[in-house]
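Rule-based calculations on the coordinates, nothing more; no lab input. Keep in mind that what you see is a predicted model, and the values were worked out from it rather than measured. We place every Cβ from the backbone using ideal geometry, glycine too, and count neighbours over all the protein chains shown.
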Amino acid sequence: MKASSAPHESPLRIGDRNLDVMKPRVRDWLLANLAEAKSVVDVRIATPSSAGVANETLFVSTVTSHGDGPRYVFRLQGEEHLYPNADITFHARVTCEVGRRSAVPVPRIFGIEDDPSIIGSRFMVMDWVEGRVPPDVPNYHRAGWLKDLPPAEQEGIWRDCVEKMAALHAMDPANFEFLKEMAITTGQRPDQGRSGLQAVLQYWDNYAVWCGANQTEIIEYARNWLWSNAPRDRPDAFSWGDARLPNTIVRDGVCVAILDWDMVSLAGPEADLAWWALADHKHTVTQGIDRLPGIGSPAETIRLWELFSGRPVRDLDWFLVFTAYRQALITFRLFSLSYTGDALEPDFLTAPGIGFQWLASLLDLELPGPLTMPFLSLEL
């Protein structure tokens with residue numbers, strides 16, 4: 001669904017966000033496009049205290065002639081910093097389809113604005129979902145509201161989020177065939193008849209070319225290994241992508257929204273379970289930090305998922321390598337965005353991130369830098 005533009009003046013550039021300048025433009029857009037906002041007389045705009053790098057988010061609170069009005073979330077089109085060809089229209093479509101095809105809670109999408117001159121970029125407007133997000137920076141295992149809860153309440157949240165994730169995986173993949181056509185860096189499209197797993201492998205191959213990591217020996221080795229050892233005859237199934245607690249909203253002990261489709265695909269649930277495991281290890285055992293007592297280990301998460309889904313996990317060893325490959329590429333891209341030297345690869349690999357270290361551990365490869373975050377058994 002697309003909404004018409006509200007009147008506006010000079011454009012704003014991404015990175016030049018002046019909230020005072022944006023306020024009347026946001027108010028006018030709401031007045032012009034949302035019936036429920038007809039009585040809005042003013043808006044207040046805030047930005048998240050901790051946000052990802054793939055997109056910008058604005059929290060918009062409205063004021064009406066009668067007091068506080070509806071609240072909204074504006075997600076702004078990124079500049080392709082972390083993911084190539086990122087498109088808010090794609091995110092909106094995934095969100096709407098998940099809401100339509102399942103009981104998994106997602107925010108309501110009110111509209112998409114294609115005119116970048118209003119607030120400096122294209123944007124979509126979502127419903128404000130009341131609740132709290134498990135913190136990412138610092139991670140919830142270190143500090144924050146989730147850490148402060150009794151273990152029994154932590155466990156209830158973890159179990160509910162895993163159950164919601166299993167419900168995502170149970171959706172009919174035929175309704176998400178468009179995920180195979182997600183834009184990739186070379187302008188190619190997956191061949192007709194390719195599986196969801198083959199399509200997402202092709203996407204990440206092209207991501208490696210786009211960010212320059214394909215020139216790294218360990219990335220090229222992992223790429224060839226993944227294609228040569230890819231599981232055969234796997235049915236397509238939905239994969240959330242960035243499957244982590246910080247991509248949920250929690251209220252009264254339950255997950256009331258699942259967020260973030262930057263890495264969504266039809267790679268299947270094992271892709272999410274492996275990603276969940278890496279995210280867990282990244283913030284606990286590799287840093288010597290105790291996991292919250294109510295949050296299950298990766299092995300316990302997998303067993304709980306099997307209980308909810310009614311089937312065992314398959315091909316997890318392959319998906320652990322695939323997860324490390326994706327994490328390594330993302331870390332390489334993040335490092336390159338902030339690097340100012342002449343030789344990225346040698347400097348980068350003297351202090352490699354967890355993705356590269358897991359690849360080295362899982363594939364028995366050597367890195368020039370120390371192996372400080374190796375893969376540790378999931379103890380399944």
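Treat the count of other C-beta atoms within 10 Å as a stand-in for reagent exposure and order Arg194, Arg244 from fewest to most.
Arg194, Arg244
What's the exposure ranking of Lys282, Lys38, Lys180, going from fewest to most Cβ atoms within 10 Å?
Lowest to highest Cβ neighbour count: Lys38, Lys282, Lys180.
Take Glu300, Glu379 and order them by how many other Cβ atoms sit within 10 Å, fewest up front.
Glu379, Glu300
Please report, to two decimal places, log10 I(q)/I(0) for region 145-362 at q = 0.09, 0.10, 0.12, 0.16 Å⁻¹ as given by the Debye formula with identical point scatterers on the Cα atoms and no solvent.
The calculated log intensity ratios at q = 0.09, 0.10, 0.12, 0.16 Å⁻¹ are -0.38, -0.47, -0.67, -1.16.
Starting from the Cα of Arg132, step 7 Å along the direction of its Cβ; do the same at Ala174; then give the gap between the two resulting points in nm.
Result for the modelled spin labels: 4.3 nm.
Regarding region 26-123, what is the average projected area of its C-alpha convex hull, in nm²?
7.3
How high is the FRET efficiency between Asp87 and Asp148 when r is their beta carbon distance and R₀ equals 41 Å, given to the nearest 0.05?
My answer for the efficiency is 0.60.
Under a cut-off of 19 Å between alpha-carbon atoms, report the lysines in cross-link reach of Lys147, not counting same-chain residues fewer than 8 places apart.
Cα-Cα hits under 19 Å: Lys282.
I need the calculated FRET efficiency for the pair Val21 and Val209, taking r as the beta carbon distance and R₀ as 56 Å, to the nearest 0.05.
Computed FRET efficiency for Val21 and Val209 comes out at 0.90.
Residue farthest toward the positive end of the dipole of the chain, with Cβ of Lys/Arg at +1 and Asp/Glu at -1: which of Leu278, Ala213, Ile109?
Ile109
Please report, in whole Å, how far the alpha carbons of region 267-341 spread along each principal axis, starting with the longest.
Result for region 267-341: principal-axis Cα extents of 50, 30, 16 Å.
So what's the net charge close to Leu31: Lys and Arg +1, Asp and Glu -1, counting the other residues with Cβ under 15 Å from its Cβ?
Taking every other residue near Leu31 into account, the sum is 0.
Note the full-extension length gain between Asp252 and Glu379 as 0.36 nm times their separation in residues minus their Cα-Cα distance, in nm to one decimal.
Once the chain is fully extended between Asp252 and Glu379, it gains 42.5 nm.
Okay, helix-only estimate at 222 nm for the chain: each DSSP H run of n ≥ 4 adds -39500 (n - 2.57), divide by all residues, round to 500 deg cm²/dmol; what do you get?
The helix contribution divided over the chain gives -12000 deg cm²/dmol.
If I compute Rg and Dmax of the Cα atoms in Å from the structure I just sent, which labelled value in [x] 22.9, 88; [y] 21.3, 66; [z] 26.1, 88 lines up?
Step by step, Rg and Dmax of the Cα atoms in Å for this structure corresponds to label [y].
Could you check the spin-label model distance between Arg101 and Phe308? Points 7 Å from the Cα along Cα→Cβ, value in nm.
1.8
For Lys180, give me every one of the lysines with a C-alpha distance below 26 angstrom, ignoring sequence neighbours fewer than eight places off in its own chain.
Cross-link targets: Lys2, Lys164.
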